[in-house]
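To keep things clear, I will list the structure first and then write my remarks on it.
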Amino acid sequence: QVQLVEFGGGLVQPGGSLRLSCAASGSGFSIKAMGWYRQAPGKQRELVATITSGGSTNYADSLKGRFTISRDNAKNTVYLQMNSLKPEDTAVYYCTADWSDPGIATIWESWGQGTQVTVSS
């Protein structure tokens, strides 16, 4: 079982930046894609960005240019650099990871507990 823990949320002023990180813990697993989703109050959870183990990235169209996803495979950690933040970026941000046990084809999905990001003056 892979567990994910997010770090780096908080309160930031409009125009500011935050960097989220998410570390996967466990043993004997192989992590595939990792990603970030967010959920604002009263709204559905939505994709922010994903990144494969090879470094290919995918972003929500509305966030391209402001958000950057990256990962450190050696540390099983994914990052989300958020720049030029806007009040509408306020949400709980969730980390996710697809993973498998070595030699087994089944892909599992784990989610973190979420970290609050509030953009306000």
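So that you can scan it fast, the table gives a plain yes or no per residue for (1) open to solvent by 60 Å² or more (accessible area, probe 1.4 Å); (2) outside any strand (DSSP E or B); (3) touching a Leu at 6+ places or on another chain (Cβ under 7 Å); (4) charged (D, E, K, R):
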| site | (1), (2), (3), (4) |
| --- | --- |
| 22 | no, no, yes, no |
| 27 | yes, yes, no, no |
| 31 | no, no, no, no |
| 38 | no, no, no, yes |
| 41 | yes, yes, no, no |
| 44 | yes, yes, no, no |
| 50 | no, no, no, no |
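Report, by residue number, each residue of region 73-112 that is more than 30 Å from residue 42 (Cβ to Cβ) and either surrounded by 17 or more Cβ atoms within 10 Å (Cβ to Cβ) or modelled with pLDDT of 95 or more (or both). The answer is 76, 77, 99. Pairing each residue of region 23-52 that is closer than 17 Å to residue 105 by Cα with any residue that is of a type in the set (Phe, Trp, Tyr) and surrounded by 14 or more Cβ atoms within 10 Å (Cβ to Cβ), provided the two are 6+ apart or on different chains, yields C-beta distances under 6 Å for 29/99; 31/99. Please determine, by comparing only the residues of region 52-105 that are assigned to a strand (DSSP E or B) and of a type in the set (Lys, Arg), which one is nearest to the chain's Cα centre (by Cα). Among those that are assigned to a strand (DSSP E or B) and of a type in the set (Lys, Arg), it is 71.
The values are calculated or read from the model by the stated rules, or taken from the named source; none is laboratory data. Bear in mind that the values here come from a model prediction, so they are computed numbers and not experimental data. Note that we place each Cβ from the backbone using ideal geometry, even for glycine, and neighbour counts take in every protein chain shown. Keep in mind that these areas ignore ligands, DNA and RNA; they rest on the heavy atoms of the full protein, side chains included. Shrake-Rupley method; radii C 1.70, N 1.55, O 1.52, S 1.80 Å.
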